[in-house]
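Right, one structure below, let's go through it.
The values are calculated or read from the model by the stated rules, or taken from the named source; none is laboratory data. Keep in mind that this is a model prediction, so the values were computed, not measured. Every residue, glycine among them, receives a Cβ derived from its backbone with ideal geometry; neighbour counts consider all protein chains shown.
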Amino acid sequence: MEPIIKVEDLTHIYPTGQVVAVKDISLEINPGEIVGVIGQNGSGKTTLVKHFIGLLKPTSGKVIVNGKDTAPLRVQQIAANVGYVYQNPNHQLFARTVREELAFGPRNLDLPEDEVNARVEQAVEFFHLEELLELHPYRISFPLRKLVGMASIYTMRPAVFILDEPTTGQDNITTQTVYRLIKKLRDEGSTVLCVAHDMILLAEVVDRMLVLRDGDLIMDATPREVFSNYEIMSSTHLTPPQITTLSLRLREKYDAFDNVALSIDEMVSEVQKFSNK
Amino acid sequence: MQGVVIPISMVPGDSIIHRINPLPKLAWAFGVLVISFATRNPLILSTLFVVGVILILVAQVGNAYLKVAMILFPISLTLIVLQSIAPAFPKPWTPIVSVGPFTIFQEGIYSGISMLLRIFAMTTWAMLMIMTSHPSDIFTSLQKIGMPYVLNFILTMTLQLLPILQNEFAVVLNAQKSRAMKGSGFGAILPSMVPVFVGAIERVQQLSISLESRAFGSSGHKTSYRRVRMTFWDILLIVLGIVFTAGMTYWIIVDKSLDWSETMVFHPAFAIGLVVFATLGFLAFVVIALRNVLQA
Ligand SMILES: Nc1ncnc2c1ncn2[C@@H]1O[C@H](COP(=O)(O)OP(=O)(O)OP(=O)(O)O)[C@@H](O)[C@H]1O
Ligand SMILES: [Mg+2]
C-alpha cells in the first residue's frame, strides 16, 4: 500500500528562533491508520503536523502527501485532502456565524449547495451545535469553539484528519464527542492524526503512537509498547493511563497477567483469566 | 506564512547612538521635521538626509532602515509625478515641456524633488530615533517632560496595532487556506479583511478588560520598570538641537536667496527622464508588492 503521508529527514527551524523545532524525522503513515502524536509542551508536535497540510514547509527534508511533495504546493491545494483542526480555535475560526463557518470549507470544494447544506446539517447533529448556528464564533465558549473548529473540518470529509489537542481543557461531554468523532472517522476509513496529552483517549482510539522529545522522534510503536517502555515514558515525563500502570505493576508482581491492559474492559478480562487459573 | 513585515521598531544594538537618551534624539528628529517643513531648498534637505544616513550607519541599523526606505522610495516617487504636472505652487507655472495632454512644469519638478528630499530627511531622522531607542524609554521620557500618561499609552498602543493587524491578517489567511480557500487575487483577499478587523476589535476589547482589571484608570503617579538616565551630554544635545533648529529656521526665513525655484532650471530631457523614471519605479513597486501579497 502507498503511504498517504511520507516524511523524509524532515527538519524545521523557525525563522525567528534558533530552536530546531523538528529534527531529522522520517516516517510513513498508511491510509486508514489512527496515529497519536505525543510529547511534552514544545516537543514539536504542532510543528510536525502543520507540515502535512503545508502550513509549514521543511527547512530541509521532504514531506510527501498523497504522493505529492508539499514543497511547491499551496495550502489551499493540500487542504482538499488534509484537514487540520488548529490547537487554538481562535486561529481557525473567522466567519460571522457558526453556520457560515461550517459551510466555508465544502463550498470551496465546489460541492453543490444542497450537498453543502446536508453536510452542515450532519455536522450540527453530530457535534450538537443546534443552539449555536447563528451565533458569532467569538461569542461562544472556548470548548464549544473547539468543537466548531472540528465540525468545520468535518464538513470537508478530508482523507486525512488532523486533530491538534482536541481534548485539552474540554469537559466530559465534549471529550466524549471527540471519542465518537475519531471512531466514526476510523469506520469511514479516514486517516487520523491526533496530537494529545490525553493518554486515556489515545489508549482507547489509536493504533500507533509517535513519541517526540525536543524535536526528535524517539519512538514509533503501538500504545501498548509505548506505555510499557518505562525509559521512554519517564524521559518524556508522560504517564500512561492509571489502569495501564496498574496492569504493568501487577504483571511485574504476578507474571500470570498475560497482556498489558489499556482500558478497564481489558483489565477486567485479564483479571478474569487470572482468577480462572 | 512569512508576511511582508515592515520593521518599524527598535533594532537592538550598543552603538553610541543607542546609548543616547531618547529625549535628545526626539528633539533632533523633531528639529529636522521643523526645518524640513520650513524650506524647499534641495541642498539643505539633502544635507539633512545625508547626515541622517551617516548616523544610521554609525548606529548600525542600516539593514532595517533600508527595508523601510525601499518601501518609502517608490511611494514617494508618485510625488514627483503628481507635482510635475500639478505643482503645489502659486500660479503662474513655467512650462518646461509638453507630452500629449500633460505639461511638465519647472515649479513641479522643483517641488517634487524637494518634497521627496523632505520626506527622506524627516523619515531618516525619525527612523534613527525609533530604531535606536527602546519604545518604553521613549514614552517614559515623554512622560517625564509632562505628556499625560493616557495620551502616551494611546500612542504606544497605536504603534503596536500595526504589527497586531499584520499578524491577525496572516492568521486569518492561513485559516482560510486550510479550508481550501479558492482562487487568488483581491477577490480572495478582500473577504478575509472583514474577520481581520473584527478580530482586531475583539482583541482591543479584551485589552481594555485586562487593562481595567489591572487598575489602568486609577489615579496617582505611575512608575516605570525601566529607568532612563539623563546625563550632562544629553542635556547639551537637547540644547544644541533647539539652537540648531531655531537658527536654521531663522536663516531660512530671512535669507530669500535660499528659494531656488526660479534659479534652478531643469533641462526638458531631465524633466521627462525624471517623470518617466518615477512612474516606472512606482509601477514596478506596485507590481512587486501585489505579487508578494497574492503569493502569501
Ligand atoms: N512561530 C514560532 N516561531 C518560533 N518558534 C516557534 C514557533 N512555534 C513554535 N516554536 C517553537 O518550536 C518548538 C516546538 O513547538 P511546537 O508548537 O511544535 O510544540 P508542541 O509540541 O506542539 O507544544 P504544545 O504541547 O505546547 O502545543 C518550541 O520550542 C516552540 O517554542
Ligand atoms: Mg502544539
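Just wondering, is there one or more residues in segment A:49-56 that are more than 16 Å from ligand 2 (Cβ to nearest atom) and among the β-branched types (Val, Ile, Thr)?
Of segment A:49-56, the ones more than 16 Å from ligand 2 (Cβ to nearest atom) are A:54.
Next, only the ones that are among the β-branched types (Val, Ile, Thr) stay: none.
No - not one qualifying residue is present in segment A:49-56.
Each row is one residue, and each column tells you yes or no for (1) without any contact (Cβ under 8 Å) to a residue 60 or more places away in the chain; (2) in a loop (DSSP other than H, G, I, E, B); (3) more than 14 Å from chain A (Cβ to nearest Cβ).
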position	(1), (2), (3)
B:128	no, no, yes
B:139	yes, no, yes
B:143	no, no, yes
B:165	yes, no, yes
B:170	no, no, no
B:173	no, no, no
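Could you list, in sequence order, all residues of segment A:139-178 that are in a helix (DSSP H, G or I), among the charged types (D, E, K, R) and away from ligand 2 (no atom under 16 Å from the Cβ)?
Once the filter is applied, which keeps residues that are in a helix (DSSP H, G or I), among the charged types (D, E, K, R) and away from ligand 2 (no atom under 16 Å from the Cβ), segment A:139-178 yields A:139, A:145.
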Spot the failing condition for residue A:42; the list is (1) at positive phi; (2) modelled with pLDDT under 95; (3) more than 16 Å from ligand 2 (Cβ to nearest atom), and only one is missed. (3)
Here the residues within segment A:78-89 that are surrounded by fewer than 22 Cβ atoms within 10 Å (Cβ to Cβ) and at the interface with chain B (Cβ under 8 Å from one of its Cβ atoms) are A:80
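Out of all the residues in segment B:239-266, which are without any contact (Cβ under 8 Å) to a residue 12 or more places away in the chain and either loosely packed, with under 13 Cβ neighbours inside 10 Å or within 25 Å of the chain's Cα centre (by Cα) (or both)?
Start the filter on segment B:239-266 by keeping residues that are without any contact (Cβ under 8 Å) to a residue 12 or more places away in the chain, which leaves B:239-240, B:243, B:246-247, B:250-251, B:254-257, B:262-263.
Correct list: B:239, B:240, B:243, B:246, B:247, B:250, B:254, B:255, B:256, B:257, B:262, B:263.
Of the residues in segment A:24-47, how many are assigned to a loop (DSSP other than H, G, I, E, B) and either among the basic types (Lys, Arg) or within 15 Å of ligand 1 (Cβ to nearest atom) (or both)? Walk me through it before giving the result.
First, pick out the residues of segment A:24-47 that are assigned to a loop (DSSP other than H, G, I, E, B): A:30-33, A:39-44.
Filter once more, keeping what is either among the basic types (Lys, Arg) or within 15 Å of ligand 1 (Cβ to nearest atom) (or both): A:39-44.
The number of residues fulfilling the criteria is 6.
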Condition first: surrounded by 15 or more Cβ atoms within 10 Å (Cβ to Cβ), over 21 Å from residue B:179 (Cβ atoms), within 15 Å of ligand 2 (Cβ to nearest atom) and at pLDDT 95 or above. Can you find one or more residues in segment A:8-16 that meet it? yes
Pick out the one residue from A:51, A:12 that is within 12 Å of ligand 1 (Cβ to nearest atom), of a type outside the set (Lys, Arg) and under 30 Å from residue A:180 (Cβ atoms). A:51
Looking only at residues in segment A:96-119 that are within 8 Å of chain B (Cβ to nearest Cβ) and surrounded by 21 or more Cβ atoms within 10 Å (Cβ to Cβ), which one is nearest to residue A:76 (Cα to Cα)? A:105
